[in-house]
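Beneath this line is the structure, given in structure tokens, with notes to follow.
Only the coordinates and a few stated rules stand behind these numbers; no lab work does. Keep in mind that what you see is a predicted model, and the values were worked out from it rather than measured. Backbone-built Cβ (ideal geometry, glycine too); neighbour counts: all protein chains shown.
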């Protein structure tokens, strides 16, 4: 939430100053970095709440116990991908040692790009924390997508 507020403030201030013909040289660089931070950390939050795009209806159409095997495989692939992303992000940080931003030369690029390994590790942690509840819901043929949709429909009918 804090990152969204900061990003919004930076964009609004930059637009005002641009309209006054006094553009900031650092705006584009900082705004894109903040947007990537919002994306990576927001993805972790979505993983914790199991709010990523999914295909629960397809998964629930698979008969048991094959359904649990399919879910375990998909979870292993996702977690494996983010472990590789964390490792690759760490390797990239080593390569970027000593580099700084173009417009703000006092800001190390390693700091701005640290979101890649940190976000990947957070995603894995959040995925693992939410896995037991998801396992139970899939085992009981319970769709999180369906529950959310029904709750939205009920809320729309009864405000």
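Just a few scattered comments:
- Axis angle, to the nearest 10 degrees, between helix 2-19 and the longest C-alpha principal axis of the chain: 40 degrees.
- Annotation: extensible slack from residue 101 through residue 151 equals 13.4 nm (criterion: 0.36 nm per residue apart, minus Cα-Cα distance).
- Remark: the residue 142-residue 52 segment gains 30.8 nm on full extension, using 0.36 nm per residue and subtracting the alpha carbon distance.
- To the nearest ten degrees, helix 144-157 and the longest principal axis of the Cα atoms of the chain are 80 degrees apart.
- Peptides 116-124, 39-47 ordered by packing proxy, namely the average of other Cβ atoms within 10 Å per residue, highest first: 116-124, 39-47.
- Between helix 66-95 and the chain: long-axis angle, C-alpha atoms, 0 to 90°, nearest 10: 20 degrees
- Cα gyration tensor, the stretch 17-98 - rounded (a/c under 1.5), prolate or oblate: oblate
- Only one of (1) 25, 18, 15; (2) 39, 24, 9; (3) 34, 18, 12 was calculated from the structure for semi-axes √(5λ) of the Cα gyration tensor in Å, and its label is (2).
- Between residue 68 and residue 135, the contour length at 0.36 nm per residue exceeds the Cα-Cα span by 23.4 nm.
- Prolate/oblate/rounded call for the stretch 56-137, Cα gyration tensor, a/c under 1.5 rounded: prolate
- Using just its DSSP H runs of length 4 or more, each adding -39500 (n - 2.57), the chain gives a mean residue ellipticity at 222 nm of -25500 deg cm²/dmol after division by all residues.
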